[in-house]
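The values are calculated or read from the model by the stated rules, or taken from the named source; none is laboratory data. Quantities reported herein were computed from a predicted structural model and do not represent experimental measurements. For the accessible areas, the whole protein counts, side chains as well, though only heavy atoms, and no ligand, DNA or RNA atoms are used. Shrake-Rupley method; radii C 1.70, N 1.55, O 1.52, S 1.80 Å.
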Amino acid sequence: MHNAHAHVPPPVNEPVLSYAPGTPERATLRTQLDAMAREVVDAPLVIDGRQVRTGKLGTAVMPHAHEHVLARFHLAGPAEVQAAVDAALRAQRDWASLPQTARSAVFLRAAELLATRYRPILNGATMLGQSKTPFQAEIDAACELIDFYRFNVHFAERILAEQPVSSPGTWNFVDARPLEGFVFAVSPFNFTSIAGNLPTAPAILGNTVVWKPASTAVYSAHFLMQLLLEAGLPPGVINLVYGSGAQVGDAVLASPHLAGIHFTGSTGVFQGMWKTVGENIARYRTYPRLVGETGGKDFIFAHESADVDALAVAIVRGAFEFQGQKCSAASRVYLPSTIAPAVRERVVAMIREIKVGDVRDFSTFMGAVIDRGAFRDHAGYIEHARKDGSTILAGGTYDDKVGYFVQPTLVETPDPRSRLMSEEIFGPVLTWYVYDARDIDGALTLCDTTSPYALTGAVFARDRTFVEKASSALRHAAGNFYVNDKPTGAVVGQQPFGGARASGTNDKAGSLWNLVRWVSPRSIKENLVPPTSWRYPYLAPDA
Ligand code: NAD
């Protein structure tokens, strides 16, 4: 025990390693990838700190070599889901009554482990299981998750320090209680850092959690759980269950002790969960906090004053890194007629140089898309483009014999409100529309009103007056707005991340705003001079 009013070390962003030829990290990563590819992992559920094997198995494969099995994972049935909920509820009192320093230390320790020994493990798992290149894995599984851990404990400390004033004779303070009940964390396949953040952000503040990762990201989730346990996370604080979203989800949402949902994934799934919560509302002990970051149809809007080279690079990196499977990936572009030919020439030339393939070959820029379902979706959009009057300027082919490979595809559409300009594709298919450069207001309105989403967006211009005009016209069109930069690559502590409209509750992952959702403040007033007479002075008779 101690009585220190301790401060967490000031957070700084984890430096991104380069993996350039000759670097030690490149050699270590190669060794790690070889070792992982030789083994088939048996991935149990982790409930109350114990490994649980049901024998009912799912399979994790490499998307870029889909015959290669990386892991067999145990699927939870109703009994295991209930056990996970019960374990979270049992663990709550002890976890919540630890001093904040003790809880924060677990995650600071996790950050250090991830920055060192676990770095190649999580990067390797993310490359093999989610088909990320070394750089894409490093900025996600290593750096962003380390940042989440280091910054979130700092934000927790700030929340605890946020206290009310006290009038004379009283002492007021706020007790930042965790939510009463458990939090359900449901994570997507596309970011290991998000999978790491969703269960831990509530846990930092004393909540206990049932965590269900995406079935296509079980391989990295398995190592994330090992990392947390090694960092000293007590049993039952985070309970890991694998299984079909609907089966696990419906059972968990039926618990009267559901206190919150921390979700990232598609809009449809989140809306379905919200509906179920609505139907169950009378049976919950408390109103569950619903925090969900969902889909996007992220834009780049170019003005004719834009730097054409910078714009072209942003389009290529923003649309095709990690196969366009970032929620923030550029998916629609508005190009002014005056510079469209120059941009077209540069972007098409760059796309032709992109190598798509097995991410273990470090000269690849793009790996495979996550699974057969995604592959079919993307192929469907490409075939749609062939039929709807659009022109495919680059790419347009796909092949799933060895891996789920979709070539980076650039589509020019004559219809600014086509499906390709409004629906989330979540793959390497970018569509642009060339607008009449004289009708800038009309083009801005199109950009603002074409899609239901509002996650990320970028404007490119050298004309400062235009930047201000666009910032104002598109104020609600993106929760993360970039000027002369690609719309991807938000950094924890620098660009709090999230969008509104159909893109989510905009609770900004990796920020104080998100952490606030995981406390249920209790106001405490102590009267230092309690009154001893019931009479107020005004009751006294006039003199
Ligand atoms: P998804 O919606 O298919 O799955 C997300 C999670 O929900 C998975 O764990 C899945 O098993 C689970 N799930 C599915 N049905 C469920 C149900 N009925 N009840 C409970 N859980 C259920 O999404 P995905 O394909 O893994 O990820 C891609 C999506 O995530 C895209 O739409 C992308 O835009 C979005 N995303 C958004 C952000 C953001 O910050 N806004 C970040 C990353 C990804």
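In straight Cα distance, which lysines are under 23 Å from residue 469, not counting same-chain residues fewer than 8 positions off?
Partners within reach: 297, 486.
Treating cross-link reach as a plain straight distance, find the aspartates and glutamates whose alpha-carbon is under 12 Å from the alpha-carbon of residue 508, omitting any fewer than eight places away in the same chain.
Once the sequence-local aspartates and glutamates are set aside, what remains near residue 508 is 293.
Using only protein heavy atoms and a 1.4 Å probe, report how much of residue 350 is accessible, in Å² to the nearest 10.
50
For the range 242-248, what does the Karplus curve 6.51 cos²θ - 1.76 cosθ + 1.60, with θ = phi - 60°, yield as ³J(HN,Hα) per residue in whole Hz, taken in order and with x for Gly and Pro?
My calculation for the range 242-248 gives 9, x, 5, x, 5, 5, 5 Hz in order.
Would the range 24-140 count as rounded, prolate or oblate if I go by the C-alpha gyration tensor, calling it rounded below 1.5 in a/c and otherwise prolate when a/b exceeds b/c, oblate otherwise? If you can, show how the numbers build up before the last one.
Working: a/c = 2.99, a/b = 1.28, b/c = 2.34.
It comes out oblate by the Cα gyration axes.
Probe radius 1.4 Å, ligands and nucleic acids left out: which of 138, 526 has the largest accessible area, and how do the rest follow?
Details: 138 0, 526 90 Å².
Highest to lowest solvent-accessible surface, that is 526, 138.
With each run of n ≥ 4 DSSP H residues scored as -39500 (n - 2.57), what mean residue ellipticity at 222 nm is computed for the chain after dividing by its residue count and rounding to the nearest 500 deg cm²/dmol?
Values: 17 runs with 204 residues, N = 543.
Dividing the helical sum by the residues of the chain leaves -11500 deg cm²/dmol.
Quick check: from the Cα gyration tensor, does the range 420-543 come out rounded (a/c under 1.5), prolate or oblate?
Working: a/c = 3.68, a/b = 2.57, b/c = 1.43.
Prolate, since a/c reaches 1.5 and a/b exceeds b/c.
Any chance you could give the angle, 0 to 90 degrees and rounded to 10, that helix 78-97 forms with the longest Cα principal axis of the chain?
The angle comes out at about 50 degrees.
Starting from the residue with the highest accessible area, list 119, 26, 438, 53 in decreasing order, probe 1.4 Å.
Working: 119 15, 26 50, 438 205, 53 120 Å².
So, going from the largest accessible area down, we get 438, 53, 26, 119.
Averaging the inverse of every distinct alpha carbon separation and then flipping it gives the Kirkwood radius. What is it for the range 298-483, in angstrom units? All intermediate terms of the calculation are to be shown ahead of the outcome.
On the way: mean 1/r = 0.0608 Å⁻¹.
Final number for the Kirkwood radius of the range 298-483 is 16.4 Å.
Name the residues whose placed amide hydrogens come within less than 5 Å of the amide hydrogen of residue 177, ignoring near sequence neighbours (fewer than 5 apart) on the same chain.
Those qualifying (amide H under 5 Å, at least 5 residues apart or on another chain) are 520, 522.
Taking 25 °C and 0.890 mPa s as the conditions, I'd like the Stokes-Einstein D for the chain in µm²/s, using the Kirkwood hydrodynamic radius from alpha carbon pairs. Provide the component values of the computation, followed by the final result.
Values: Rh = 24.6 Å.
It comes out at roughly 100 µm²/s.
Which of rounded, prolate, oblate describes the range 408-493, given a ≥ b ≥ c as roots of the alpha-carbon gyration tensor eigenvalues and a/c under 1.5 marking rounded, otherwise prolate only if a/b is larger than b/c? Don't skip to the answer; put the middle values down first.
Values: a/c = 1.59, a/b = 1.08, b/c = 1.47.
Note, shape of the range 408-493 comes out oblate.
Taking the chain as the reference, fit the longest principal axis to its C-alpha atoms, fit the long axis of helix 440-449 to the helix C-alpha atoms, and give the angle between the two in degrees, 0 to 90, nearest 10.
60
Output the 0 to 90 degree angle, nearest 10, between the alpha-carbon long axis of helix 308-320 and the longest principal axis computed from the alpha carbons of the chain.
70
Among 56/212; 355/401; 275/326, which pairs are too far apart, with a Cα-Cα distance over 19 Å? Could the numbers behind the result be given before it?
Working: 56/212 16 Å; 355/401 17 Å; 275/326 26 Å.
Beyond 19 Å: 275/326.
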